[in-house]
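The values are calculated or read from the model by the stated rules, or taken from the named source; none is laboratory data. Owing to the predicted nature of the structure, the values given are computational and were not obtained by experimental measurement. Note that each Cβ is placed from the backbone with ideal geometry, even for glycine, and that neighbours are counted across all protein chains shown.
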Amino acid sequence: MNCIYSLVKQISLKPLFLLTFFFASLTYGWSADGAKIFKQNCSRCHTIGHGLLTGPDLKDVASRVPQPADTWLFNWIKNNKKVLASGDAYANKVFNENGKQNMDVMDGVISDDDIKAVIAYVKNPPVEAKPAGGGEKTETAHAEEKGMSTFAVLLIVAIALIFLVAVLGNVKKNLQDIVNAKKGLPPSEPVGAVKWASQNKRTFVLILLVLGFFTLRAIYIGVMNIGVYDTYKPEQPIKFSHKTHAGKLAINCVYCHSGAEKGKTSGIPSVNVCMNCHKAISEGPLTGKVEIAKIYDAVGWDPATGKYNKPQHPLKWNRVHALPDFAYFNHSQHVVVGKQDCKNCHGDIASMDVAQQISPLTMGWCVECHRKTEVPGMATNPYYADLHKKLAEKYKGEPITVEKMGGLDCIKCHY
Ligand code: HEC
Ligand code: HEC
Ligand code: HEC
Ligand code: HEC
Ligand code: HEC
Ligand code: HEC
């Protein structure tokens with residue numbers, strides 16, 4: 001301890017100043033990541049170019065708000081209630097057009113720099129892959145995550161190497177000392193890295209600090225992103241389009257995902273469900289007969305004879321959403337009891353050609369909604385009658401959120 005203290009004491013102010021500057025610039029880059037801020041604070045209610053959620057689609061928003069756009073957007077995002085209260089005509093128009101739903105006040109939630117970063121992001125979102133080429137998008141999402149962990153691995157390897165060199169240098173010196181002692185010579189001079197480190201203690205400590213910081217940061221990023229596949233959009237064996245089926249044809253989600261109201265998983269419909277309609281419909285406007293023929297191939301249906309007389313080739317849909325095994329999530333609890341719309345968590349699937357993950361599915365995301373969302377029908381649902389009476393007494397008139405019902409207890413979500 002003493003030795004570390006004396007080393008630190010030796011560090012002069014100049015490199016410390018540089019170091020602080022360096023860290024400050026790192027953390028700046030950190031907090032000002034517009035894409036991430038958008039994902040965490042806005043994507044629940046807004047898309048950029050994917051249609052309406054709770055709030056309007058923010059595509060080209062800078063050109064429709066009062067100018068100068070940056071100033072208006074900044075004030076709005078920071079505290080929309082203030083802008084509304086000031087009588088701003090545009091703000092009140094948007095408010096009325098969106099069913100008078102309130103946007104969250106971001107003041108105190110994210111910093112001013114974050115707001116600026118998110119404005120820059122909204123004005124200039126990354127270029128989207130073409131709907132049909134879902135595969136490209138997937139690769140970038142994965143490449144980013146892979147890049148991050150490769151970075152962490154490289155750092156750890158680098159640090160391990162430095163220590164190895166130091167240890168080997170020391171071993172060599174010790175061996176030399178033994179030989180010297182036998183010959184009656186004085187102990188050898190320190191060699192290589194050890195020599196350098198003992199002569200440049202300040203620089204050595206600085207390097208250790210910087211490397212240590214980077215390692216911690218890489219580990220932190222790695223941990224916070226465990227299993228995060230935001231906007232994950234895999235290629236599917238059949239170019240099935242939600243936009244056609246749930247959008248244009250307006251087929252109810254639970255017609256195909258019947259599990260959502262019944263149990264834990266929503267499930268993916270079996271090809272037989274497709275056949276309810278596709279026995280008769282063998283052609284679509286986008287892909288002609290090609291994609292629908294794959295349904296016939298899967299169930300062994302021969303459209304020429306109208307019989308199931310061919311070998312079957314079961315389809316394997318690629319999973320889009322996947323929570324880690326240690327987290328418990330139940331659809332019917334949210335959809336039926338919690339009265340949550342599919343949109344709240346999955347975005348506007350009905351406007352997507354290729355189904356895509358919109359929400360981060362992190363613990364923070366679950367918890368945030370549980371903090372804010374009132375348990376619907378708490379007062380009227382006989383199942384809750386008893387609990388409601390107790391909670392109502394305890395929280396006197398305050399809305400009963402999922403949190404107050406115990407929805408933040410670890411065991412509710414973790415086995
Ligand atoms: C709880 C849902 C919700 C969240 C979270 C949310 N918004 Fe909004 N936002 C809305 C609603 C609803 C409106 C429409 C105006 C109204 O009703 O108040 C809106 C309007 C806007 C507008 C004006 C849109 C237009 O067409 O002129 C902008 C810009 C905006 N939001 C940006 C953001 C940003 C950036 C974030 C994240 C930092 C965010 N919003 C987070 C719900 C939300
Ligand atoms: C005609 C049947 C059909 C309808 C209607 C339908 N879906 Fe799907 N859904 C599918 C099929 C097939 C898949 C698997 C292929 C894919 O991911 O595109 C799927 C995949 C999904 C996924 C991704 C599943 C995963 O792997 O994580 C979500 C989320 C989803 N649907 C939500 C919805 C919502 C919300 C609606 C209503 C707006 C809806 N679906 C309507 C058939 C349907
Ligand atoms: C409730 C009826 C219904 C169900 C169930 C249904 N479809 Fe369709 N599907 C249609 C109709 C109608 C069209 C033609 C759309 C049009 O003409 O715009 C179509 C078109 C298609 C197309 C061609 C799209 C194009 O535009 O070229 C594909 C591929 C397809 N469906 C796949 C599936 C798959 C896979 C399933 C099962 C998961 C399924 N459908 C379930 C009614 C249905
Ligand atoms: C409260 C958020 C929430 C709501 C509301 C919600 N989902 Fe999900 N959905 C999820 C999560 C989280 C997963 C990932 C589950 C997993 O991996 O175990 C998921 C997965 C899915 C899947 C993939 C298959 C499965 O069951 O794991 C489909 C399909 C799906 N949802 C459809 C729907 C439909 C349709 C609705 C509306 C009727 C809906 N979801 C409502 C959060 C939600
Ligand atoms: C869009 C809002 C929303 C999101 C996102 C959400 N939940 Fe919920 N959750 C609710 C509501 C509303 C209820 C209350 C349902 C009820 O009355 O039982 C609930 C209840 C629960 C419960 C039962 C709590 C209890 O006290 O009985 C569990 C467990 C749960 N959610 C897990 C999750 C997990 C895991 C995730 C993330 C993968 C998640 N939820 C994401 C809204 C949400
Ligand atoms: C509302 C549901 C919910 C509650 C309550 C909850 N968790 Fe989680 N937790 C999750 C989900 C979902 C994940 C998976 C997140 C992911 O894949 O990124 C997770 C992940 C984790 C992880 C893995 C690290 C990570 O960030 O991925 C740990 C550790 C953890 N939870 C601990 C806890 C503890 C301790 C509590 C109680 C204080 C708790 N959780 C309460 C939903 C919940």
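Data overview
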read-out: Residue count for segment 41-88, restricted to those that are surrounded by fewer than 13 Cβ atoms within 10 Å (Cβ to Cβ) and in contact with a helix residue (DSSP H, G or I) (Cβ under 6 Å, 6 or more places away or on another chain); value: 0
read-out: Filter result for Ala35 (among the small types (Gly, Ala, Ser) and farther than 22 Å from Ser351 by Cα); value: no
read-out: Selection from segment 380-407 of residues that are among the small types (Gly, Ala, Ser) and loosely packed, with under 13 Cβ neighbours inside 10 Å; value: Ala385, Gly397, Gly406
read-out: Considering residues of segment 269-290 that are loosely packed, with under 15 Cβ neighbours inside 10 Å and among the aliphatic types (A, V, I, L, M) only, the residue nearest to ligand 6 (Cβ to nearest atom); value: Val273
read-out: Residue ID - nearest to ligand 4 (Cβ to nearest atom), chosen from residues in segment 354-373 that are crowded, with 17+ Cβ neighbours inside 10 Å and farther than 26 Å from Asn318 by Cβ; value: Cys369
read-out: Residue identified as in contact with a Gly (Cβ under 7 Å, 6 or more places away or on another chain) and of a type in the set (Lys, Arg) among Lys100, Lys59; value: Lys59
read-out: Matching option when the condition is more than 16 Å from ligand 3 (Cβ to nearest atom), assigned by TED's automatic domain parsing to the domain that holds Lys39, buried (at least 17 other Cβ atoms within 10 Å of the Cβ) and part of a helix (DSSP H, G or I), among Ala91, Ala120; value: Ala91
read-out: Top-ranked residue of segment 290-348 - restricted to ones that are of a type in the set (Gly, Ala, Ser) and assigned to a helix (DSSP H, G or I), ranked as farthest from ligand 3 (Cβ to nearest atom); value: Ser332
read-out: Checking Tyr220 against (1) modelled with pLDDT of 75 or more; (2) within 20 Å of the chain's Cα centre (by Cα), the condition it does not meet; value: (1)
read-out: Test: Phe74 is aromatic (Phe, Trp, Tyr), outside any loop (DSSP other than H, G, I, E, B) and within 21 Å of the chain's Cα centre (by Cα); value: no
read-out: Matching residues in segment 244-256 - criterion: being buried (at least 18 other Cβ atoms within 10 Å of the Cβ) and either within 16 Å of ligand 1 (Cβ to nearest atom) or under 26 Å from the mean Cα position of the chain (by Cα) (or both); value: Ala246, Cys253
read-out: Selection count where residues are assigned to a helix (DSSP H, G or I) and of a type in the set (Gly, Ala, Ser), scope segment 77-88; value: 1
